[in-house]
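Have a look at the structure below before the remarks.
The values are calculated or read from the model by the stated rules, or taken from the named source; none is laboratory data. Note that the coordinates shown come from a computational prediction; the quantities given were computed from them, not determined experimentally. Positions of Cβ are backbone-derived with ideal geometry, glycine not excepted, and every protein chain shown enters the neighbour counts. Side chains are part of the model used for accessible areas, which takes the heavy atoms of the whole protein and leaves out ligands, DNA and RNA. Shrake-Rupley method; radii C 1.70, N 1.55, O 1.52, S 1.80 Å.
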Amino acid sequence: TRLPHIEFGVGSFDTLSEIITNKGKRVLLVVSRSFRSTEFYSQLIKDISKALYYTELTVSGEPSPSLVDGAVTMARNENIDVIVGIGGG
């Protein structure tokens, strides 16, 4: 099992599209409802939609085990290369 790449802190968002595109071409975005309503979400979608296929899973609150299992199944069925989780507190 590979360890995940974790990026956080001031300025992290500025490099996110580059990190994503360097990891693969098929992305599963796991985002919080609050993040979807920000300008950052719009910018990210604009940046990655030109170069990648992406699908999205929107969550509210902490993800349940069944939600995580469903996301894993989705990733396998769609041959996802990269899973990106954004949001929370």
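Table: residues versus (1) surrounded by 10 or more Cβ atoms within 10 Å (Cβ to Cβ); (2) among the polar types (S, T, N, Q).
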{"residue": "11", "(1), (2)": "no, no"}
{"residue": "38", "(1), (2)": "yes, yes"}
{"residue": "66", "(1), (2)": "no, yes"}
{"residue": "82", "(1), (2)": "yes, no"}
* Asked: Which residues, counting only those in the range 50-64, are open to solvent by 60 Å² or more (accessible area, probe 1.4 Å) and either among the charged types (D, E, K, R) or in a helix (DSSP H, G or I) (or both)?
  -> 50, 62
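Here's the yes/no breakdown for (1) polar (S, T, N, Q); (2) at pLDDT 85 or above; (3) in contact with a helix residue (DSSP H, G or I) (Cβ under 6 Å, 6 or more places away or on another chain):
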site: 48; (1), (2), (3): no, yes, yes
site: 52; (1), (2), (3): no, no, no
site: 60; (1), (2), (3): yes, no, yes
site: 64; (1), (2), (3): yes, no, no
site: 68; (1), (2), (3): no, no, no
site: 73; (1), (2), (3): yes, yes, no
site: 76; (1), (2), (3): no, yes, no
site: 79; (1), (2), (3): yes, yes, no
site: 88; (1), (2), (3): no, no, no
* Tell me which residues, restricted to the range 56-89, are farther than 25 Å from residue 15 by Cβ and among the small types (Gly, Ala, Ser). => 60, 61, 64, 66, 70
* residue 24 vs. criteria on the phi > 0 side of the Ramachandran plot, open to solvent by less than 70 Å² (accessible area, probe 1.4 Å) and either among the acidic types (Asp, Glu) or touching an Asp or Glu at 6+ places or on another chain (Cβ under 7 Å) (or both) -> yes
* To do: Identify all residues within the range 43-89 that are touching a residue at least 40 places away in the same chain (Cβ under 8 Å) and in contact with a Lys or Arg (Cβ under 7 Å, 6 or more places away or on another chain); write none if there are none.
  => 78, 79, 80, 81, 82
